[in-house]
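The values are calculated or read from the model by the stated rules, or taken from the named source; none is laboratory data. What you are looking at is a predicted structure, and each value in this text was computed from that prediction instead of being measured. FYI the Cβ positions are ideal-geometry reconstructions off the backbone, even for glycines, and counts take in every protein chain you see.
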Amino acid sequence: MGSKTEVLDKRTFMQRWLPHPLLTVVLIMLWMLLLNAFSVGGFVMGALLGIVIPRVTSNFWPERPPIQAYGKALAYMGLVLWDVVVANLHVTRLILFRRADQLQVRWVTLPIELRSPEAITVLAGTITMTPGTVSCDLSADGHSLLVHCLDAPDVEEAVRQMKERYEARLKEIFP
């Protein structure tokens, strides 16, 4: 068996070369998906990117994001993926079958209760990834997000949906 110093040396080695192992795996998978075909050279390049990018950016990550529930985070990603597909179909229908003067384009102020910078970033990113909405600005006090909606006949309903669908779930994932 290895001594305590050997175990610490291995841990230090892993932290130095793989500061964010989950990010490394995600980057490799994304690279392989972008290639749209498996090859050993493509995998090696993905692995190289998966090791280099987290290592180069590790100084910008002072600590790991405080996630409380990884299962809920995975479910949230599935929900967002579903919402992106549905919103794409909805926006396509709006573009093809409505005239521009029939759209009710609005700026919506979304009051947020989230305080974690990571949670606010995920919320803003989720809103922007969903076709038909774009998060544009965070208030100076961090208590509201300005969102542009392509078609929002009822502002209160749009705010309620974003809060219930996304913010409530993010409050369970991030402390």
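In the list LYS163, LYS171, which residue meets the criterion of being over 30 Å from PRO19 (Cβ atoms), among the basic types (Lys, Arg) and either within 14 Å of the chain's Cα centre (by Cα) or crowded, with 16+ Cβ neighbours inside 10 Å (or both)?
Just a single option satisfies the conditions, and that option is LYS163.
Let's see how each residue does on (1) in a loop (DSSP other than H, G, I, E, B); (2) over 28 Å from ARG169 (Cα atoms); (3) under 21 Å from the mean Cα position of the chain (by Cα):
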| residue | (1), (2), (3) |
| --- | --- |
| LEU30 | no, no, yes |
| GLY42 | no, yes, no |
| LEU49 | no, yes, yes |
| PRO54 | no, no, yes |
| SER58 | no, no, yes |
| GLU63 | yes, no, yes |
| GLN68 | yes, no, yes |
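Looking only at the range 104-117, how many residues end up being surrounded by fewer than 16 Cβ atoms within 10 Å (Cβ to Cβ) and of a type outside the set (S, T, N, Q)? So that I can check it myself, show each step before the final result.
If we filter the range 104-117 for residues that are surrounded by fewer than 16 Cβ atoms within 10 Å (Cβ to Cβ), which is where we start, we get 104-107, 109, 111, 113, 115, 117.
Going one step further and asking which of them are of a type outside the set (S, T, N, Q), we end up with 105-107, 111, 113, 115, 117.
Within the range 104-117, residues that are surrounded by fewer than 16 Cβ atoms within 10 Å (Cβ to Cβ) and of a type outside the set (S, T, N, Q) number 7.
I'm checking my understanding of the structure. Among residues of the range 60-74 that are loosely packed, with under 12 Cβ neighbours inside 10 Å and under 15 Å from HIS20 (Cβ atoms), which one is modelled with the highest pLDDT? Give the steps one after another, and end with the answer.
Residues of the range 60-74 loosely packed, with under 12 Cβ neighbours inside 10 Å: 60, 62-64, 66, 68, 70-71, 74.
Next, only the ones that are under 15 Å from HIS20 (Cβ atoms) stay: 60, 62-64, 66, 70.
Numbers: PHE60: 79, PRO62: 69, GLU63: 71, ARG64: 65, PRO66: 73, TYR70: 84.
It comes out as TYR70.
Based on this model, can you work out whether THR130 counts as under 27 Å from HIS20 (Cβ atoms), buried (at least 17 other Cβ atoms within 10 Å of the Cβ) and within 14 Å of the chain's Cα centre (by Cα)?
Answer is yes for this residue.
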